[in-house]
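Here's the structure, in C-alpha coordinates; my notes come after.
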Amino acid sequence: MKRFKRLAATVIITPILAVFLGQSMVEARSISLNYANFPPAPTFPCVQMEQWKAEVEAKTQGKVRINTFPGGTLLGARDMMDGVISGQADIGCLCMAYQPGRFTVTNAVSLPLGIPDSRTGSLVLTDLFNKQNPKAFKKVKVLALFTTAPANIMSRKRVANLPDLGGMDLRASGGAAEILKTWGANQIGMPMSATPEALQKGVIQGLFSSLEVMKDLKFAEECPYVTVTNTVVYPFAVVMNLDRWNALPEDVKAVMENLSREQAVWTGNYMDNHVKEAVDWSKKTHNVEFLELDQQTSEAWNQALSPITKKWIEKASAKGFDGENIVDTIKMLIQKHGQKHGENHGKDS
Ligand code: DTR
(Lines give C-alpha, C1' and ligand atoms only; values in the text may rest on other atoms or scores of the structure.)
Protein backbone atom coordinates (compact mmCIF):
# COMPACT_ATOMS: atom_id res chain seq x y z
CA MET A 1 0.00 0.00 0.00
CA LYS A 2 2.82 2.31 0.99
CA ARG A 3 4.60 1.49 -2.26
CA PHE A 4 1.42 2.19 -4.21
CA LYS A 5 1.04 5.62 -2.57
CA ARG A 6 4.66 6.47 -3.39
CA LEU A 7 4.13 5.39 -6.98
CA ALA A 8 0.95 7.41 -7.27
CA ALA A 9 2.68 10.46 -5.84
CA THR A 10 5.54 10.06 -8.32
CA VAL A 11 3.14 9.68 -11.25
CA ILE A 12 1.27 12.84 -10.28
CA ILE A 13 4.15 15.00 -9.09
CA THR A 14 6.73 14.19 -11.77
CA PRO A 15 4.86 15.76 -14.70
CA ILE A 16 4.00 18.82 -12.59
CA LEU A 17 7.62 19.14 -11.57
CA ALA A 18 8.75 18.62 -15.15
CA VAL A 19 6.41 21.34 -16.41
CA PHE A 20 7.56 23.68 -13.66
CA LEU A 21 11.26 22.97 -14.16
CA GLY A 22 10.91 23.04 -17.92
CA GLN A 23 9.23 26.41 -17.73
CA SER A 24 11.84 27.91 -15.45
CA MET A 25 14.59 26.55 -17.69
CA VAL A 26 12.95 28.15 -20.70
CA GLU A 27 12.64 31.37 -18.72
CA ALA A 28 16.22 31.11 -17.54
CA ARG A 29 17.49 30.68 -21.08
CA SER A 30 15.24 33.24 -22.65
CA ILE A 31 17.25 36.41 -22.00
CA SER A 32 18.27 37.61 -25.42
CA LEU A 33 19.90 41.02 -25.86
CA ASN A 34 20.65 42.95 -29.04
CA TYR A 35 23.99 44.80 -29.05
CA ALA A 36 24.53 47.54 -31.70
CA ASN A 37 27.90 48.78 -32.90
CA PHE A 38 28.70 51.38 -35.58
CA PRO A 39 32.04 50.45 -37.22
CA PRO A 40 32.85 47.35 -39.32
CA ALA A 41 33.45 43.99 -37.63
CA PRO A 42 37.29 43.91 -37.77
CA THR A 43 37.70 47.18 -35.81
CA PHE A 44 38.51 47.26 -32.09
CA PRO A 45 35.05 48.30 -30.75
CA CYS A 46 33.59 45.19 -32.45
CA VAL A 47 36.43 42.94 -31.22
CA GLN A 48 35.65 44.23 -27.71
CA MET A 49 31.93 43.56 -28.27
CA GLU A 50 32.58 39.92 -29.25
CA GLN A 51 34.91 39.46 -26.28
CA TRP A 52 32.29 40.86 -23.88
CA LYS A 53 29.59 38.67 -25.46
CA ALA A 54 31.74 35.54 -25.04
CA GLU A 55 32.46 36.40 -21.40
CA VAL A 56 28.83 37.11 -20.53
CA GLU A 57 27.51 34.00 -22.27
CA ALA A 58 30.13 31.78 -20.60
CA LYS A 59 29.75 33.32 -17.13
CA THR A 60 25.93 33.10 -17.18
CA GLN A 61 26.16 29.50 -18.43
CA GLY A 62 24.04 30.10 -21.48
CA LYS A 63 21.31 31.93 -19.57
CA VAL A 64 21.91 35.07 -21.64
CA ARG A 65 22.35 35.31 -25.40
CA ILE A 66 23.89 38.40 -26.95
CA ASN A 67 23.09 39.09 -30.62
CA THR A 68 25.72 41.41 -32.06
CA PHE A 69 25.12 43.92 -34.87
CA PRO A 70 28.38 45.46 -36.18
CA GLY A 71 28.72 47.96 -39.05
CA GLY A 72 25.77 50.19 -38.13
CA THR A 73 23.24 47.47 -39.05
CA LEU A 74 21.08 48.22 -36.01
CA LEU A 75 22.13 51.77 -35.00
CA GLY A 76 24.49 54.32 -36.56
CA ALA A 77 27.37 56.12 -34.81
CA ARG A 78 25.49 59.27 -33.80
CA ASP A 79 22.17 57.50 -33.01
CA MET A 80 23.69 55.14 -30.48
CA MET A 81 22.85 56.84 -27.17
CA ASP A 82 19.29 57.82 -28.08
CA GLY A 83 18.68 54.48 -29.81
CA VAL A 84 19.60 52.63 -26.62
CA ILE A 85 17.58 55.01 -24.41
CA SER A 86 14.49 54.44 -26.58
CA GLY A 87 15.07 50.67 -26.73
CA GLN A 88 15.83 50.30 -30.47
CA ALA A 89 18.84 48.30 -29.26
CA ASP A 90 19.28 46.83 -25.77
CA ILE A 91 23.00 47.61 -25.73
CA GLY A 92 25.12 50.00 -27.82
CA CYS A 93 28.72 51.09 -28.16
CA LEU A 94 29.31 54.82 -28.58
CA CYS A 95 32.27 57.05 -29.29
CA MET A 96 31.72 60.14 -27.12
CA ALA A 97 33.67 62.39 -29.49
CA TYR A 98 30.84 62.16 -32.04
CA GLN A 99 28.56 64.16 -29.68
CA PRO A 100 31.11 66.40 -27.93
CA GLY A 101 28.61 68.71 -26.17
CA ARG A 102 26.73 65.78 -24.66
CA PHE A 103 29.38 64.02 -22.58
CA THR A 104 31.28 66.95 -21.07
CA VAL A 105 32.85 65.19 -18.06
CA THR A 106 34.02 61.99 -19.76
CA ASN A 107 35.11 63.74 -22.96
CA ALA A 108 37.66 65.59 -20.83
CA VAL A 109 39.94 62.54 -21.15
CA SER A 110 40.46 63.72 -24.73
CA LEU A 111 42.20 66.89 -23.57
CA PRO A 112 45.93 66.91 -24.33
CA LEU A 113 46.95 65.74 -20.84
CA GLY A 114 49.41 63.04 -21.87
CA ILE A 115 47.54 59.72 -21.60
CA PRO A 116 50.28 57.40 -22.92
CA ASP A 117 48.29 54.37 -24.10
CA SER A 118 44.89 52.74 -24.32
CA ARG A 119 45.23 50.70 -21.13
CA THR A 120 45.98 53.79 -19.04
CA GLY A 121 43.25 55.75 -20.84
CA SER A 122 40.66 53.04 -20.25
CA LEU A 123 41.39 52.85 -16.52
CA VAL A 124 41.49 56.65 -16.19
CA LEU A 125 38.10 56.91 -17.91
CA THR A 126 36.57 54.11 -15.79
CA ASP A 127 37.76 55.69 -12.53
CA LEU A 128 36.77 59.20 -13.61
CA PHE A 129 33.28 57.93 -14.41
CA ASN A 130 32.95 56.17 -11.05
CA LYS A 131 34.14 59.25 -9.16
CA GLN A 132 32.04 61.81 -11.04
CA ASN A 133 28.92 59.74 -11.85
CA PRO A 134 28.07 62.10 -14.75
CA LYS A 135 24.46 63.12 -15.39
CA ALA A 136 24.90 62.54 -19.14
CA PHE A 137 24.61 58.77 -18.52
CA LYS A 138 21.68 58.81 -16.06
CA LYS A 139 19.21 57.35 -18.60
CA VAL A 140 21.33 54.24 -19.31
CA LYS A 141 23.33 51.60 -17.47
CA VAL A 142 27.03 51.92 -18.32
CA LEU A 143 28.51 48.44 -18.82
CA ALA A 144 32.07 49.27 -19.90
CA LEU A 145 34.32 52.22 -20.68
CA PHE A 146 37.56 52.34 -22.65
CA THR A 147 39.65 54.63 -24.83
CA THR A 148 41.68 54.30 -28.00
CA ALA A 149 45.45 54.52 -28.05
CA PRO A 150 46.72 58.09 -28.68
CA ALA A 151 46.04 59.69 -32.07
CA ASN A 152 48.55 60.27 -34.87
CA ILE A 153 48.35 61.88 -38.30
CA MET A 154 47.80 59.47 -41.22
CA SER A 155 47.98 61.32 -44.53
CA ARG A 156 48.42 61.25 -48.28
CA LYS A 157 51.08 63.98 -48.04
CA ARG A 158 54.16 64.06 -45.85
CA VAL A 159 53.70 66.19 -42.68
CA ALA A 160 57.03 67.01 -41.05
CA ASN A 161 56.27 70.36 -39.41
CA LEU A 162 53.37 72.61 -38.49
CA PRO A 163 53.24 74.63 -41.76
CA ASP A 164 52.82 71.32 -43.68
CA LEU A 165 49.49 70.90 -41.90
CA GLY A 166 48.18 74.36 -42.92
CA GLY A 167 44.83 74.01 -44.68
CA MET A 168 45.12 70.23 -45.08
CA ASP A 169 41.68 68.53 -44.97
CA LEU A 170 42.02 66.07 -42.13
CA ARG A 171 39.32 64.14 -40.35
CA ALA A 172 38.93 64.10 -36.55
CA SER A 173 36.12 64.42 -34.00
CA GLY A 174 35.68 65.83 -30.48
CA GLY A 175 38.80 66.70 -28.48
CA ALA A 176 41.07 65.56 -31.29
CA ALA A 177 39.30 67.99 -33.62
CA GLU A 178 40.26 70.91 -31.36
CA ILE A 179 43.88 69.82 -31.57
CA LEU A 180 43.91 69.65 -35.37
CA LYS A 181 42.34 73.11 -35.59
CA THR A 182 44.95 74.51 -33.22
CA TRP A 183 47.70 73.07 -35.43
CA GLY A 184 46.20 74.85 -38.44
CA ALA A 185 44.69 71.91 -40.34
CA ASN A 186 41.28 72.13 -41.94
CA GLN A 187 39.45 69.82 -39.54
CA ILE A 188 36.55 67.80 -40.95
CA GLY A 189 34.25 65.96 -38.52
CA MET A 190 32.74 62.56 -39.33
CA PRO A 191 32.44 59.18 -37.60
CA MET A 192 35.08 56.55 -38.34
CA SER A 193 32.47 54.52 -40.21
CA ALA A 194 32.25 57.28 -42.90
CA THR A 195 36.03 57.76 -43.20
CA PRO A 196 37.06 54.98 -45.67
CA GLU A 197 34.74 56.38 -48.36
CA ALA A 198 35.77 59.99 -47.68
CA LEU A 199 39.44 59.01 -48.07
CA GLN A 200 38.83 57.07 -51.27
CA LYS A 201 36.80 59.90 -52.79
CA GLY A 202 39.44 62.49 -51.85
CA VAL A 203 37.04 64.44 -49.57
CA ILE A 204 39.77 64.26 -46.94
CA GLN A 205 43.55 63.96 -47.27
CA GLY A 206 44.00 61.98 -44.10
CA LEU A 207 42.86 61.53 -40.54
CA PHE A 208 43.91 61.96 -36.93
CA SER A 209 43.21 58.81 -34.94
CA SER A 210 44.76 55.75 -33.33
CA LEU A 211 46.96 53.72 -35.67
CA GLU A 212 45.26 50.30 -35.55
CA VAL A 213 42.94 51.54 -38.34
CA MET A 214 45.93 51.55 -40.72
CA LYS A 215 45.44 47.77 -40.77
CA ASP A 216 41.83 47.19 -39.69
CA LEU A 217 40.36 49.64 -42.21
CA LYS A 218 43.26 49.34 -44.69
CA PHE A 219 44.12 53.06 -44.47
CA ALA A 220 47.74 52.09 -45.17
CA GLU A 221 46.63 51.72 -48.80
CA GLU A 222 45.55 55.39 -48.91
CA CYS A 223 47.96 57.02 -46.45
CA PRO A 224 51.66 56.48 -47.21
CA TYR A 225 52.70 58.80 -44.33
CA VAL A 226 52.21 58.77 -40.58
CA THR A 227 53.39 61.63 -38.37
CA VAL A 228 53.86 60.31 -34.85
CA THR A 229 52.38 62.75 -32.34
CA ASN A 230 50.78 60.37 -29.78
CA THR A 231 48.59 63.22 -28.67
CA VAL A 232 45.12 62.35 -27.53
CA VAL A 233 42.74 59.43 -26.93
CA TYR A 234 39.06 58.99 -27.84
CA PRO A 235 36.67 57.77 -25.09
CA PHE A 236 34.04 55.07 -25.67
CA ALA A 237 31.13 53.70 -23.58
CA VAL A 238 29.05 50.54 -23.80
CA VAL A 239 25.58 51.45 -22.55
CA MET A 240 22.40 49.46 -21.86
CA ASN A 241 18.72 50.37 -21.92
CA LEU A 242 17.66 51.03 -18.33
CA ASP A 243 14.37 49.03 -18.41
CA ARG A 244 16.15 46.02 -19.90
CA TRP A 245 18.86 46.35 -17.24
CA ASN A 246 16.35 46.64 -14.36
CA ALA A 247 14.54 43.52 -15.63
CA LEU A 248 17.69 41.34 -15.48
CA PRO A 249 18.07 38.78 -12.67
CA GLU A 250 20.52 39.82 -9.94
CA ASP A 251 23.07 37.11 -10.83
CA VAL A 252 23.24 38.31 -14.45
CA LYS A 253 23.62 41.93 -13.31
CA ALA A 254 26.49 40.85 -11.05
CA VAL A 255 28.27 39.11 -13.97
CA MET A 256 28.02 42.25 -16.12
CA GLU A 257 29.04 44.61 -13.31
CA ASN A 258 32.06 42.50 -12.43
CA LEU A 259 33.17 42.60 -16.05
CA SER A 260 33.31 46.38 -16.28
CA ARG A 261 36.84 47.00 -15.00
CA GLU A 262 38.19 43.76 -16.48
CA GLN A 263 36.94 44.91 -19.89
CA ALA A 264 38.73 48.26 -19.57
CA VAL A 265 42.00 46.41 -19.01
CA TRP A 266 41.32 43.76 -21.67
CA THR A 267 40.43 46.35 -24.30
CA GLY A 268 43.37 48.58 -23.40
CA ASN A 269 45.85 45.72 -23.69
CA TYR A 270 44.27 44.47 -26.92
CA MET A 271 44.39 47.96 -28.45
CA ASP A 272 47.99 48.71 -27.40
CA ASN A 273 49.27 45.41 -28.80
CA HIS A 274 47.19 45.71 -31.94
CA VAL A 275 48.55 49.20 -32.68
CA LYS A 276 52.09 47.74 -32.66
CA GLU A 277 51.03 44.99 -35.06
CA ALA A 278 49.32 47.50 -37.35
CA VAL A 279 52.44 49.70 -37.46
CA ASP A 280 54.68 46.73 -38.38
CA TRP A 281 52.16 45.52 -40.95
CA SER A 282 51.88 49.00 -42.55
CA LYS A 283 55.68 49.29 -42.85
CA LYS A 284 56.12 45.79 -44.28
CA THR A 285 53.06 45.53 -46.49
CA HIS A 286 52.65 49.11 -47.74
CA ASN A 287 56.00 50.67 -47.07
CA VAL A 288 54.39 53.44 -44.98
CA GLU A 289 56.83 56.07 -43.70
CA PHE A 290 56.54 56.84 -39.97
CA LEU A 291 57.92 60.31 -39.20
CA GLU A 292 59.10 60.87 -35.63
CA LEU A 293 59.29 64.57 -34.73
CA ASP A 294 62.59 65.71 -33.24
CA GLN A 295 62.45 67.06 -29.70
CA GLN A 296 62.38 70.73 -30.68
CA THR A 297 59.58 70.25 -33.22
CA SER A 298 57.62 68.06 -30.86
CA GLU A 299 57.90 70.71 -28.12
CA ALA A 300 56.63 73.37 -30.55
CA TRP A 301 53.59 71.17 -31.44
CA ASN A 302 52.80 70.52 -27.76
CA GLN A 303 53.35 74.16 -26.83
CA ALA A 304 50.68 75.19 -29.32
CA LEU A 305 48.19 73.00 -27.44
CA SER A 306 48.67 74.50 -24.00
CA PRO A 307 45.66 76.93 -24.13
CA ILE A 308 43.21 74.11 -24.97
CA THR A 309 42.85 72.73 -21.42
CA LYS A 310 42.55 76.19 -19.86
CA LYS A 311 39.81 77.14 -22.32
CA TRP A 312 38.02 73.83 -21.69
CA ILE A 313 38.02 74.48 -17.91
CA GLU A 314 36.48 77.91 -18.48
CA LYS A 315 33.82 76.56 -20.81
CA ALA A 316 32.94 73.57 -18.60
CA SER A 317 32.77 75.78 -15.51
CA ALA A 318 30.42 78.17 -17.34
CA LYS A 319 28.14 75.16 -17.95
CA GLY A 320 28.12 74.38 -14.21
CA PHE A 321 30.81 71.67 -14.07
CA ASP A 322 33.81 71.81 -11.78
CA GLY A 323 36.23 71.91 -14.71
CA GLU A 324 39.34 72.37 -12.60
CA ASN A 325 38.51 69.38 -10.43
CA ILE A 326 37.79 67.15 -13.45
CA VAL A 327 41.16 68.01 -15.02
CA ASP A 328 43.01 67.52 -11.72
CA THR A 329 41.32 64.14 -11.24
CA ILE A 330 42.37 63.03 -14.72
CA LYS A 331 45.97 64.14 -14.11
CA MET A 332 46.05 62.24 -10.80
CA LEU A 333 44.60 59.10 -12.44
CA ILE A 334 47.16 59.26 -15.28
CA GLN A 335 49.90 59.25 -12.65
CA LYS A 336 48.27 56.34 -10.85
CA HIS A 337 47.59 54.06 -13.81
CA GLY A 338 50.43 55.21 -16.06
CA GLN A 339 53.03 54.39 -13.40
CA LYS A 340 51.49 51.05 -12.56
CA HIS A 341 51.48 50.11 -16.21
CA GLY A 342 55.20 49.40 -16.39
CA GLU A 343 55.30 47.42 -13.15
CA ASN A 344 52.06 45.60 -13.54
CA HIS A 345 51.76 44.87 -17.21
CA GLY A 346 48.67 42.92 -18.18
CA LYS A 347 47.11 42.98 -14.73
CA ASP A 348 44.37 45.13 -13.31
CA SER A 349 45.29 48.17 -11.21
N1 DTR B 1 39.60 57.71 -32.96
C2 DTR B 1 38.19 57.68 -33.03
C3 DTR B 1 37.75 56.40 -32.55
C4 DTR B 1 38.30 55.21 -33.23
C5 DTR B 1 39.58 54.77 -33.29
N6 DTR B 1 39.65 53.56 -33.96
C7 DTR B 1 38.39 53.25 -34.34
C8 DTR B 1 37.89 52.17 -35.05
C9 DTR B 1 36.54 52.14 -35.31
C10 DTR B 1 35.68 53.12 -34.86
C11 DTR B 1 36.14 54.22 -34.15
C12 DTR B 1 37.49 54.29 -33.89
C13 DTR B 1 37.81 58.05 -34.38
O14 DTR B 1 38.72 58.44 -35.07
O15 DTR B 1 36.64 58.02 -34.74
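The values are calculated or read from the model by the stated rules, or taken from the named source; none is laboratory data. As the structure is a computational prediction, the values presented were derived from the model and not from experiment. Counting neighbours? That spans all protein chains shown, and the Cβs are built from the backbone with ideal geometry, glycine included. Only protein heavy atoms, including side chains, enter the accessible area calculation; ligands, DNA and RNA are left aside. Shrake-Rupley method; radii C 1.70, N 1.55, O 1.52, S 1.80 Å.
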Zone reached by a paramagnetic label modelled 7 Å from D82 Cα along Cα→Cβ, restricted to segment 184-199 with backbone N below 18 Å, covers 190-191
Computed about the Cα centre, the charge dipole of the chain from +1 Lys/Arg and -1 Asp/Glu charges at the Cβ has a magnitude in debye, to the nearest 20, of 1380
Descending accessible area (1.4 Å probe), largest on the left, turns F103, F129 into F129, F103
In the chain, whole DSSP H helices that both stretch 15 Å or further along their axis by alpha carbon positions and average at least 0.5 on the Kyte-Doolittle scale are 2-29
Measure of exposure for T126: accessible area at 1.4 Å probe, Å² rounded to 10, is 0
Connecting every pair of Cα atoms under 10 Å apart in the chain and solving the GNM, the largest mean-square fluctuation among L248, L259, L145 falls on L248
Any trypsin sites (Lys or Arg not before Pro) in segment 123-153 that lie in a DSSP loop and have at most 15 other Cβ atoms within 10 Å would be K138, K139
1/(1 + (r/R0)^6) with r = Cβ-Cβ of Q295 and S32, R0 = 56 Å, i.e. FRET efficiency to nearest 0.05, evaluates to 0.55
The pairs in K59/K276; K218/K276; K253/K331; K157/K276 lying past 26 Å Cα-Cα in this model are K59/K276; K253/K331
Per residue, accessible area of the chain with a 1.4 Å probe, heavy atoms of protein chains only, in Å², comes to 47
Calculated from DSSP helices alone, with each H run of at least 4 adding -39500 (n - 2.57) and the total divided by the residues of the chain, [θ]222 nm to the nearest 500 comes to -16500 deg cm²/dmol
In whole percent, the fraction of accessible protein surface over the chain that belongs to carbon or sulfur atoms, probe radius 1.4 Å, stands at 53
In the structure shown, of K181/K319; K138/K336; K131/K311; K53/K135; K284/K311, the pairs separated by more than 32 angstrom at the C-alpha atoms are K284/K311
Given unit charges at Cβ for Lys, Arg (+) and Asp, Glu (-), the dipole magnitude of segment 232-349 about its Cα centre in debye, nearest 20, is 180
With +1 on the Cβ of every Lys and Arg and -1 on the Cβ of every Asp and Glu, the dipole magnitude of segment 135-240 about its Cα centre, in debye rounded to the nearest 20, is 420
